[in-house]
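Heads up: the structure comes next, in C-alpha cells.
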Amino acid sequence: GFLSSRRGRSPLHVAHLNHGFRAESEQEAVFVAKLCQSWGVPCTVAKRNVLATCKEMRLSKQQGARVSRYAFLQEVAKAQEATFIALGHTADDQVETILINTLRGAGITGQMGIPISRDVGGCLLIRPILKMTRSEIIAELSTAVIAVVEDPSNQDKRYLRSRVRHELIPFLETYNPRIRKAFLQGAKLSGQENDFIEKTLAEIIPKIDVVIEAGNISFNLSLFLPLHPALQHRLLRWAIRKLKGDLRDIGFEPIETILTAMDKDFTLCLPQGMTAKKTDTKLILAARSLHVKTNAPPEFTIPKLTKEQTAIDLPEWNLRLALSVVPPPLTQQPCSILFDFDTISYPLTVRGFLPGDRFCPLGMKGRHKKLQDFFVDMKVPKEKRNHVPLLVCPAGIVAVIGFRQDERFKVTETTKRILCLQRFI
C-alpha cells in the first residue's frame, strides 16, 4: 500500500505487511524496506499473526489475510495522517474478480468488479493502476530498471483466483482472444447501470413510507409491491446493509425467498441474526438478538416424528420449529438443517448448554470441540450462551441451532430418510 500524507510529512509512505504464510515473506519484506531506503521513501514494515486472526474470526487464509492487511493499512494511514491509501490492483486483477463473482452468481454489483475508490474510515482508498495490465506494468518497470519480486503463491492452483488466472482465462481466450477487454467493458456498463439504480433507489425511498426504527426497518406493502422486482431486491439489500452494516453471509437466496413468499404472511429467520416478517400491510426486516437470561429455559422433549410435518412452538427459547421426515433428495432451504434421520435416536430434546458439552462441528471431519470453545470462536457472549438452543439425542448434540450442525448426523449418499428442521423466530 502507498499512503499519501499531509501536515508537512513525506508525501509518500509505503506500508508492507508480512502475513507470515511463506518462508520467502521475510525476504520480500527486506526487499521492500531496502528499495524504499534507496529511494529515500519512509516505509512501515510489519508482521502479523494472520493465522490467529483466521482462527479467531473463522476465516480462510485468503479472507484472514485480507482483513489483516486492510486493518494494517488503516492503522498506518491514521498514524501518518494520510489522505489516500493507494493499492496496486491491476486490470488483470479486475478481470479475475469479475469472473470469480460471475461463477458465484453475482448480479451487476459483482460484475462491476473492484471499485476504483471507496472510503475507509475517512481515508479514501484508491487503485490508480486498475486500468493497467500486469504486462504493461512489468514493461514499465523493466524500462526503468526496477527489480520485481513475485509472490510464489500466485502460481498455487489450490486457490480459486490462481486457477482462474492460469486455467480459465487462457481457456476463454481460445473462444475470444480479447476476452479480458470484453469483461472490462462489461464492468464499465455494470457500473453505469448500478449507478442509475442507486440514484433511482435514493429517489424512491422517501416516497414509499419506509419506517426506520431501532433494530428494524418496515416497508408499506401497498407501495413496495408495485415496484419493479429489481428495485424490490435492491431495497431489501439496502435495508439489510443498514441494519447490520454489510451483506456478508446473507447472499441471494434469503432475499429471493422473501420476495417469492409475498403471497402469504410469514416470519423467517435469515442468516446473521436477521428476521423478516410479513403481515397484511407491512414487510418488516429486523436485526434479531437473543433474549438475555441467566438460566437456560426448561428442556423440551420432541415427540416422535413421522412423514407429516410437526410444528413445535418454544416461546421460552424464542423459537418455532417445523420438523419432517422425508426421503431424499431434498434441497436445503434458508433457515433449515438436514440430518440423516437413521443416525438419530430418541429421546430427541431441545435443551441449553451444560458444562462439559462437546460436539463435532460440521466440516471438522469428526473432531470433537468443546461447546464453550465453539461459543468463544463464534463470539457468543457468556450471558447469552445458556439461551442458545441445542438439539440433542442420546448419541450427543445433533445441532447448535442457529449456528452449526454436528458432522456425525449429516446427510450422506447412503441416507435413506432425511430429518428436515426449519427454524422460525
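The values are calculated or read from the model by the stated rules, or taken from the named source; none is laboratory data. Keep in mind it's a predicted model, so treat the numbers as computed, not measured. In this analysis, Cβ positions are derived from the backbone assuming ideal geometry, glycine residues included, and neighbour counts consider all displayed protein chains. When the accessible area is computed, the model is the full protein with side chains, heavy atoms only, and any ligands, DNA or RNA have been set aside. Shrake-Rupley method; radii C 1.70, N 1.55, O 1.52, S 1.80 Å.
Pick from Ile114, Ile100, Ile129: which is free of Cβ contacts under 8 Å to residues at least 40 places away in the same chain and open to solvent by less than 80 Å² (accessible area, probe 1.4 Å)? Give the derivation first.
Details: Ile100 fails: free of Cβ contacts under 8 Å to residues at least 40 places away in the same chain; Ile129 fails: free of Cβ contacts under 8 Å to residues at least 40 places away in the same chain.
That would be Ile114, the only listed residue that is free of Cβ contacts under 8 Å to residues at least 40 places away in the same chain and open to solvent by less than 80 Å² (accessible area, probe 1.4 Å).
Could you go through segment 69-78 and let me know if any residue there is more than 18 Å from the chain's Cα centre (by Cα) and on the phi > 0 side of the Ramachandran plot.
So far as segment 69-78 goes, no, none of its residues is more than 18 Å from the chain's Cα centre (by Cα) and on the phi > 0 side of the Ramachandran plot.
Test Ile85 against the criterion of being touching a Cys at 6+ places or on another chain (Cβ under 9 Å) and in contact (Cβ under 8 Å) with a residue 60 or more places away in the chain, and give yes or no. Full working, then the answer.
Numbers: touching a Cys at 6+ places or on another chain (Cβ under 9 Å): yes; in contact (Cβ under 8 Å) with a residue 60 or more places away in the chain: yes.
The answer is yes for Ile85.
Here's the yes/no breakdown for (1) touching a Pro at 6+ places or on another chain (Cβ under 6 Å); (2) modelled with pLDDT of 90 or more; (3) closer than 27 Å to Glu136 by Cα; (4) exposed (fewer than 14 other Cβ atoms within 10 Å of the Cβ):
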site: His13; (1), (2), (3), (4): yes, yes, yes, no
site: Gln37; (1), (2), (3), (4): no, yes, yes, yes
site: Gly64; (1), (2), (3), (4): no, no, no, no
site: Glu96; (1), (2), (3), (4): no, yes, yes, no
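Of the conditions (1) open to solvent by less than 60 Å² (accessible area, probe 1.4 Å); (2) outside any loop (DSSP other than H, G, I, E, B); (3) farther than 19 Å from Val149 by Cβ, Glu56 fails just one. Which one is it?
(1)
Here's a check for you: in segment 108-138, which residue that is within 23 Å of Ala33 (Cα to Cα) and among the hydrophobic types (A, V, I, L, M, F, W, C) is farthest from the chain's Cα centre (by Cα)?
Our first condition is that a residue be within 23 Å of Ala33 (Cα to Cα); within segment 108-138, this holds for 125-129, 134, 137-138.
Okay, now just the ones that are also among the hydrophobic types (A, V, I, L, M, F, W, C), so 125-126, 129, 137-138.
Working: Leu125: 21, Ile126: 23, Ile129: 27, Ile137: 32, Ile138: 33 Å.
This residue is Ile138.
Report yes if Glu136 is open to solvent by 60 Å² or more (accessible area, probe 1.4 Å) and either assigned to a strand (DSSP E or B) or farther than 23 Å from Ala15 by Cβ (or both), otherwise no. Steps first, answer last, please.
Values: open to solvent by 60 Å² or more (accessible area, probe 1.4 Å): yes; either assigned to a strand (DSSP E or B) or farther than 23 Å from Ala15 by Cβ (or both): yes.
It is true that Glu136 is open to solvent by 60 Å² or more (accessible area, probe 1.4 Å) and either assigned to a strand (DSSP E or B) or farther than 23 Å from Ala15 by Cβ (or both).
Inside segment 386-425, counting only strands (runs of 3 or more DSSP E) that do not spill past its ends, which hold 2 or more residues that are among the β-branched types (Val, Ile, Thr)? Give the derivation first.
Details: elements: 390-393, 396-400, 418-424.
In segment 386-425, the matching strands (runs of 3 or more DSSP E) lie at 396-400.
Within segment 70-94, take every residue that is farther than 23 Å from Tyr159 by Cα and β-branched (Val, Ile, Thr) and give me the one that is most open to solvent (accessible area, probe 1.4 Å).
Going through the qualifying residues, I end up with Thr83.
Please report, ordered by residue number, the helices (runs of 4 or more DSSP H) entirely within segment 197-279 with at least 3 residues that are surrounded by fewer than 16 Cβ atoms within 10 Å (Cβ to Cβ). Don't jump to the end; show me each part of the working.
On the way: elements: 221-224, 229-244, 252-260.
It comes to 229-244, 252-260.
Go through segment 359-385 and give me each residue that's assigned to a helix (DSSP H, G or I) and modelled with pLDDT of 85 or more. Reasoning before the result, please.
Start the filter on segment 359-385 by keeping residues that are assigned to a helix (DSSP H, G or I), which leaves 371-377, 382-385.
The answer is Leu371, Gln372, Asp373, Phe374, Phe375, Val376, Arg385.
So, Ala230, is that one among the aliphatic types (A, V, I, L, M), out of contact with any Cys (no Cβ under 9 Å at 6 or more places or on another chain) and within 24 Å of Leu321 (Cβ to Cβ) or not? Explain how you work it out, then say what you get.
Working: among the aliphatic types (A, V, I, L, M): yes; out of contact with any Cys (no Cβ under 9 Å at 6 or more places or on another chain): yes; within 24 Å of Leu321 (Cβ to Cβ): no.
So Ala230 does not fit the description; no.
Any residue at all in segment 333-342 that's buried (at least 18 other Cβ atoms within 10 Å of the Cβ), without any contact (Cβ under 8 Å) to a residue 24 or more places away in the chain and either assigned to a loop (DSSP other than H, G, I, E, B) or among the hydrophobic types (A, V, I, L, M, F, W, C) (or both)?
Scanning segment 333-342 turns up no residue that is buried (at least 18 other Cβ atoms within 10 Å of the Cβ), without any contact (Cβ under 8 Å) to a residue 24 or more places away in the chain and either assigned to a loop (DSSP other than H, G, I, E, B) or among the hydrophobic types (A, V, I, L, M, F, W, C) (or both).
Of the residues Phe183, Phe224, Phe219, only one is at pLDDT 90 or above, of a type outside the set (Lys, Arg) and within 29 Å of Val164 (Cβ to Cβ); which?
On the way: Phe224 fails: within 29 Å of Val164 (Cβ to Cβ); Phe219 fails: within 29 Å of Val164 (Cβ to Cβ).
After ruling out the rest, the residue left standing is Phe183.
Looking at segment 77-94, which of the residues that are among the aliphatic types (A, V, I, L, M) and in a helix (DSSP H, G or I) is modelled with the highest pLDDT? Write out each step before concluding.
Within segment 77-94, the subset among the aliphatic types (A, V, I, L, M) is 77, 79, 82, 85-87, 91.
Retained after the next criterion (residues that are in a helix (DSSP H, G or I)): 77, 79, 91.
On the way: Ala77: 89, Ala79: 88, Ala91: 95.
The qualifying residue modelled with the highest pLDDT is Ala91.
Just give me the residues in segment 387-422 being within 15 Å of Thr349 (Cα to Cα), of a type outside the set (A, V, I, L, M, F, W, C) and surrounded by fewer than 20 Cβ atoms within 10 Å (Cβ to Cβ), in sequence order.
Passing the criteria: Pro394, Gly396.
Can you pull out the residues in segment 142-188 that are within 13 Å of Ile98 (Cβ to Cβ), out of contact with any helix residue (DSSP H, G or I) (no Cβ under 8 Å at 6 or more places or on another chain) and either among the aromatic types (Phe, Trp, Tyr) or open to solvent by 90 Å² or more (accessible area, probe 1.4 Å) (or both)? Give the derivation first.
Start the filter on segment 142-188 by keeping residues that are within 13 Å of Ile98 (Cβ to Cβ), which leaves 161, 164-165, 168-169, 172, 179-188.
From what's left, out of contact with any helix residue (DSSP H, G or I) (no Cβ under 8 Å at 6 or more places or on another chain): 181-182, 185, 188.
Across segment 142-188, the qualifying residues are Lys181, Gln185, Lys188.
Going residue by residue through segment 167-174, is there one that turns out to be part of a loop (DSSP other than H, G, I, E, B) and in contact (Cβ under 8 Å) with a residue 40 or more places away in the chain? Spell out how you get there, then give the answer.
Of segment 167-174, the ones part of a loop (DSSP other than H, G, I, E, B) are 174.
From what is left, the residues that are in contact (Cβ under 8 Å) with a residue 40 or more places away in the chain are none.
No.
Would it be correct to say that Arg118 is part of a helix (DSSP H, G or I) and either at negative phi or not small (Gly, Ala, Ser) (or both)? Quick ask: steps written out before the conclusion?
On the way: part of a helix (DSSP H, G or I): no; either at negative phi or not small (Gly, Ala, Ser) (or both): yes.
So Arg118 does not fit the description; no.
Scan (1) modelled with pLDDT under 80; (2) not in a loop (DSSP other than H, G, I, E, B) for the single condition Thr306 breaks and write down its number.
For Thr306, the exception is condition (2).
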